[in-house]
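Visitor: Have a look at the structure that comes next, please.
The values are calculated or read from the model by the stated rules, or taken from the named source; none is laboratory data. All of these numbers come straight from a predicted model, not from anything done at the bench. Ideal geometry is used to build each Cβ from the backbone, glycine not excepted, and the neighbour counts take in all protein chains shown. With ligands, DNA and RNA removed, areas are computed over all heavy atoms of the protein, side chains included. Shrake-Rupley method; radii C 1.70, N 1.55, O 1.52, S 1.80 Å.
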Amino acid sequence: MDIEILGRALTTLPEDDDHPYRTGPWRPQTTERKADDLEVIGDLPLDLDGVYLRNTENPVHPAIEIYHPFDGDGMVHAVGFRDGKAFYRNRFIRTDGFLAEQEAGQPLWAGLAENPAKSPTQTGWGARGRMKDASSTDVVMHNGVALTSFYQCGDLYRLNPTTLETLGKATWNGDFPSAVGVSAHPKLDERTGELLFFNYGTDAPYMHYGVVDPHDSLVHYIDVPLPGPRLPHDMAFTENYAIVNDMPLFWEPEALAVGKYAARFHPEIPSRIGVIPRRGQTAEITWFEADPTYVLHWVNAYEQGREIVLDGFFQHDPEPPAGNGTFYQRMFRFLDNELMGPKLHRWRLNLDTGLAKEEPLTDSTSEFGMINGTHAGRKHRYSYSATTVPGWFLFNGIIKHDAETGVEEKYTLDEGVYASETAMAPRVGSTGEDDGYLVTIVSDMNRDLSECLVFDARTLADGPIARVQLPERVSSGTHSTWAPGYQIPDWRTSEDAATAIRM
Ligand SMILES: [Fe+2]
């Protein structure tokens, strides 16, 4: 393994840091590395061809008062696969906020758990305003570049998907809605090359929806009026519709009026799911009412006759009681899936009657579901989601759910080993929905190292078929994507990959 140091960030974190989300599996990186021809335990298949990209909240400064793990600066880790070999890169995203704080040598914006009035600067980003746009939430491919996003709306930063060099911000030919930004989870339709997105904020109409074409032009942008400021995190789409949501978990209006941001769940208010023709106008939005909950992430949606089938994670307790735990336990209970109980769930939205039906798909608690990206917006059968460690925002296993049979296959990591969101990588020449590989980065506290694990998606429970050794133990992180070689400019998919015969 050849390792080259690409850069080092200034850090002002204390040597004896004791914050639970800046230590242990969350110990951040300050060094950027490039490593080629990584050591592999097992054999990498020749038809695994592309790059696994994972974003990470990676702080380099302490908070002004209270650090929340969503405040960390964005760092992307990339593990690329070609010709049965693997390479690695990790780079900070050169956001305006990261660069300004590197220059200042201190935090300049209040974080999620802090009062925005305490920000040393009046500027900032986010639906709340006066936050640092860390671009540390998701990473998606569009038009040959990787785009990183911020969970509370911000710019989209453009990264070269193999070198991770920051190429600047998305402008969409000057039409990027920079005043509001774009929410955490823009969606790529691999079939059309379009990017669908929404944003939200505290000013009416409180939400917008838009479409960017495959050539990076904003071609559609409409108001989505809501009853008040809301906190939607994700969207879904089908071949002909975009799906947004208005869930009864939102900032308390009375607190908001005096500049405080306290999210509360209202079990007496139904959930609302908005269906918009993909190029439709505001007047064409249809709202469906459903059982009250909060959905952090959807899995996928597709059309079946005059019904839209929408799968996502229904939280059974979106606002768990504070309990008698420590300060951090009470503060971070919204990161504990064992308390909120998200479970895979299906909504059926009837376009003729305007009524929704819904049903649980499983008893298992999981979140962060991924599918084969070529099925996004089209019928899918399999999803791959994460199980979590009670009390922690850490993933300790993977569940493959078969929506046709209800059968689940699981793989549980060793205690002390934590995965990120697991992406599905269809093999080159794939002939079935689960004909490919599952890829995730693990932080192994037992052996003080990180590996990128590769599973055969058809035999998840058998464990990884290859373990790629990374140059150092990397911080636990969350959202990821699979960038297939054919989506990456100048990528050379070898003939071996195209002709590999699956054993
Ligand atoms: Fe998310």
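Visitor: Just give me a number: lysine pairs in the chain, eight or more positions apart or cross-chain, with C-alpha atoms less than 25 Å apart.
Guide: So the count of such lysine pairs works out to 21.
Visitor: Then there is this: Tell me, what % of the accessible area of the chain is carbon and sulfur with a 1.4 angstrom probe?
Guide: Answer for the chain: carbon and sulfur cover 47 percent of the accessible area.
Visitor: Residue by residue, what Karplus-based ³J(HN,Hα) values in Hz, rounded to whole numbers, does region 355-360 have, using 6.51, -1.76 and 1.60 with θ = phi - 60° and x for Gly and Pro?
Guide: 10, 10, 10, 8, 7, x
Visitor: Same structure again: Once every DSSP H run of n ≥ 4 in the chain is given -39500 (n - 2.57) and the sum is divided by its residues, what mean residue ellipticity at 222 nm do you get, rounded to the nearest 500 deg cm²/dmol?
Guide: Roughly -1000 deg cm²/dmol at 222 nm, from the helical runs in the chain.
Visitor: Once label points are set 7 Å from the Cα along Cα→Cβ at both Asp448 and Leu351, what is their separation, rounded to one decimal in nm?
Guide: 5.8 nm
Visitor: Taking 7 Å along the Cα-to-C-beta vector as the label spot, tell me the Thr374-Ala322 distance in nanometres, rounded to one decimal.
Guide: That separation, rounded to one decimal, is 5.2 nm.
Visitor: Oh, and also: So what's region 1-151 giving for Cα Rg divided by 2.2 N^0.38 Å, two decimals?
Guide: Expressed relative to 2.2 N^0.38 Å, the Cα Rg reads 1.15.
Visitor: Across the Cα atoms of region 136-284, what radius of gyration and what greatest pairwise Cα-Cα distance (Dmax) are found, in Å?
Guide: Cα only, region 136-284: 15.7, 49 Å (Rg, Dmax).
Visitor: Per residue, what volume in Å³ does the convex hull of the Cα atoms of the chain enclose?
Guide: 141 Å³
Visitor: Would you kindly give the portion of the calculated P(r) for region 93-153 that falls above 15 Å, as a percent of all Cα pairs?
Guide: The answer is 52 percent, as a whole percent.
Visitor: Still on this model: Please go through region 339-414 and write out the trypsin sites (Lys or Arg not before Pro) that DSSP classes as loop and that have at most 12 other C-beta atoms within 10 Å.
Guide: When the trypsin sites (Lys or Arg not before Pro) of region 339-414 are filtered for loop state and at most 12 Cβ neighbours within 10 Å, nothing remains.
Visitor: Now for a separate question. What is the mean projected area of the alpha carbon convex hull for region 109-221, to one decimal in square nanometres?
Guide: Computed as one quarter of the Cα hull surface, the answer is 7.3 nm².
Visitor: Take the alpha carbon atoms of region 195-244, find their radius of gyration, then divide it by 2.2 N^0.38 Å using N residues; give the quotient.
Guide: The reported ratio for this selection is 1.17.
Visitor: Right, here's the next one. Using every alpha carbon pair in region 366-452, what percent of pairs falls into each 5 Å bin from 0 up to the bin containing the largest distance?
Guide: Distribution as computed: 3, 14, 23, 24, 17, 11, 6, 2, 0 percent.
Visitor: Run the Debye formula on the Cα coordinates of region 222-364, all scatterers equal and no solvent, and tell me log10 I(q)/I(0) at q = 0.13, 0.18 1/Å.
Guide: Evaluating at q = 0.13, 0.18 Å⁻¹ gives log10 I(q)/I(0) of -0.61, -1.07.
Visitor: Same structure again: Could you pull out the longest piece of the chain with no exposed loop GluC sites (Glu not before Pro) in it, calling a site exposed if DSSP puts it outside H, G, I, E, B and it has at most 11 other Cβ atoms within 10 Å?
Guide: It runs 16-267.
Visitor: At q = 0.13, 0.28 Å⁻¹, what is the base-10 log of I(q)/I(0) for region 8-68 according to the Debye formula with one equal point scatterer per Cα and no solvent? Please give it to two decimals.
Guide: The Debye formula, applied to the Cα set alone, gives -0.54, -1.35.
Visitor: Efficiency by 1/(1 + (r/R0)^6): what FRET value for Glu404 and Glu4, r their Cβ-Cβ distance, R0 = 41 Å, to the nearest 0.05?
Guide: Working from the Cβ atoms, E equals 0.30.
Visitor: Using the heavy atoms of the protein chains alone and a 1.4 angstrom probe, what is the accessible area of the chain per residue in square angstrom?
Guide: Value for the chain: 38 Å² per residue.
Visitor: While we're looking at this one, here's another question. Once you have a ≥ b ≥ c as the square roots of the Cα gyration tensor eigenvalues for region 282-414, tell me rounded if a/c is under 1.5, and otherwise prolate or oblate according to whether a/b is larger than b/c.
Guide: oblate
Visitor: Tell me which chymotrypsin sites (Phe, Trp or Tyr not before Pro) from region 94-147 have a DSSP coil assignment and no more than 11 other beta carbons within 10 Å of their own.
Guide: Hits after loop and neighbour filter: nothing returned.
Visitor: Additional query: Can you give the % of DSSP beta bridges in the chain that are antiparallel, to the nearest 5?
Guide: Bridges in the chain that DSSP calls antiparallel: roughly 100 percent.
Visitor: Further question: Expressed as cubic angstrom per residue, what is the convex hull volume of the alpha carbon set of region 409-503?
Guide: 125 Å³
Visitor: Along its principal axes, what span do the Cα atoms of region 258-328 show, with the longest given first and each in whole Å?
Guide: Result for region 258-328: principal-axis Cα extents of 50, 30, 22 Å.
Visitor: Order Asp496, Asp435, Asp456, most accessible first, counting only protein heavy atoms with a 1.4 angstrom probe.
Guide: Putting Asp496, Asp435, Asp456 in descending order of accessible area: Asp496, Asp456, Asp435.
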